[in-house]
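What follows is one structure encoded as structure tokens, with my remarks underneath.
The values are calculated or read from the model by the stated rules, or taken from the named source; none is laboratory data. Since we're looking at a predicted model, the values are computed, not measured. All Cβ positions, glycine included, derive from the backbone under ideal geometry; neighbour counts span all protein chains shown.
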Amino acid sequence: MRSFALLACCAVLAAVACPPLASAGEGHDFGKDHARHLLADLDANAARLGISAETVAKIRSIVDAGMASADPLRTQLGDARAALRALLSTARPDEAAVMEQARRIGTLETKLLELRLRTLLRVRPLLTDAQIEALHTVRAQRLAPLRDACRDEISTSCAEAMTGRDIVHCLFAHRDHLSDACGAALTALHAEHAAP
């Protein structure tokens, strides 16, 4: 279980290729924002965690390259999802066309996952297990107010979410049904992510 947690944490660190949920709206690119804030957390805590400036620069270079590689795939995926929505919006959708579009989306999602994992495999050896656990703790502290305010919504609507990013995505997908406290916490986190 410990090794899975470490792998999941480092996958979060390398989450540069995750496409935004179609339902999240507002043009918010969670993949890029997530990577940007993780790099900010790394910068802010590197000295305390014993991560050298050289290592931070290497990680930043790897993550930046991953984001650049993911950009065209994210665009293609957004276009493919829009095309699927258009197919499904007709009175009698063409089943063959819908299934073909679903396969295109699946292929693009697989390519993004592969890119994410390649990034992970390049970042992981640069950090110790203890450093990864410490960065995971930083992320958990950032999400603690949201988890507290949205405890009921997470347990009922987002119980399958495994990472903090998954929880945020899920809550955005259900944002029309959140309590006032949960909605406010989600808005505050969104504002933090939108800040430069």
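Annotations
- Residue within the stretch 153-169 that is within 15 Å of the chain's Cα centre (by Cα), more than 22 Å from residue 56 (Cα to Cα) and among the small types (Gly, Ala, Ser) present: yes
- Any chance residue 121 is free of Cβ contacts under 8 Å to residues at least 40 places away in the same chain, within 18 Å of the chain's Cα centre (by Cα), assigned to a helix (DSSP H, G or I) and surrounded by fewer than 16 Cβ atoms within 10 Å (Cβ to Cβ): yes
- Selection status of residue 159, modelled with pLDDT of 85 or more, of a type outside the set (Val, Ile, Thr) and assigned to a loop (DSSP other than H, G, I, E, B): yes
- Leading residue by the ranking (surrounded by the fewest Cβ atoms within 10 Å (Cβ to Cβ)) among those in the stretch 147-196 that are of a type in the set (S, T, N, Q) and in contact (Cβ under 8 Å) with a residue 24 or more places away in the chain: 179
- Scanning the stretch 35-54 for residues that are buried (at least 17 other Cβ atoms within 10 Å of the Cβ) and either aromatic (Phe, Trp, Tyr) or within 17 Å of residue 122 (Cβ to Cβ) (or both) returns 35, 38, 39, 42, 51.
- Number of residues in the stretch 129-156 that are within 15 Å of residue 185 (Cα to Cα) and modelled with pLDDT of 90 or more equals 11.
- The condition (being farther than 22 Å from residue 168 by Cβ and out of contact with any strand residue (DSSP E or B) (no Cβ under 9 Å at 6 or more places or on another chain)) is satisfied by just one residue among 100, 109: 100.
- Selection within the stretch 86-113 - charged (D, E, K, R), part of a helix (DSSP H, G or I) and free of Cβ contacts under 8 Å to residues at least 12 places away in the same chain: 95, 100, 103
- Of all residues in the stretch 53-68, those that are on the phi < 0 side of the Ramachandran plot and in contact (Cβ under 8 Å) with a residue 12 or more places away in the chain have Cβ atoms under 6 Å from Cβ atoms of residues that are in a helix (DSSP H, G or I) and small (Gly, Ala, Ser), 6 or more apart or on another chain, in 56/46; 63/35; 67/35.
- Residue within the stretch 125-140 that is assigned to a helix (DSSP H, G or I), under 18 Å from the mean Cα position of the chain (by Cα) and either without any contact (Cβ under 8 Å) to a residue 40 or more places away in the chain or more than 30 Å from residue 53 (Cα to Cα) (or both) present: yes
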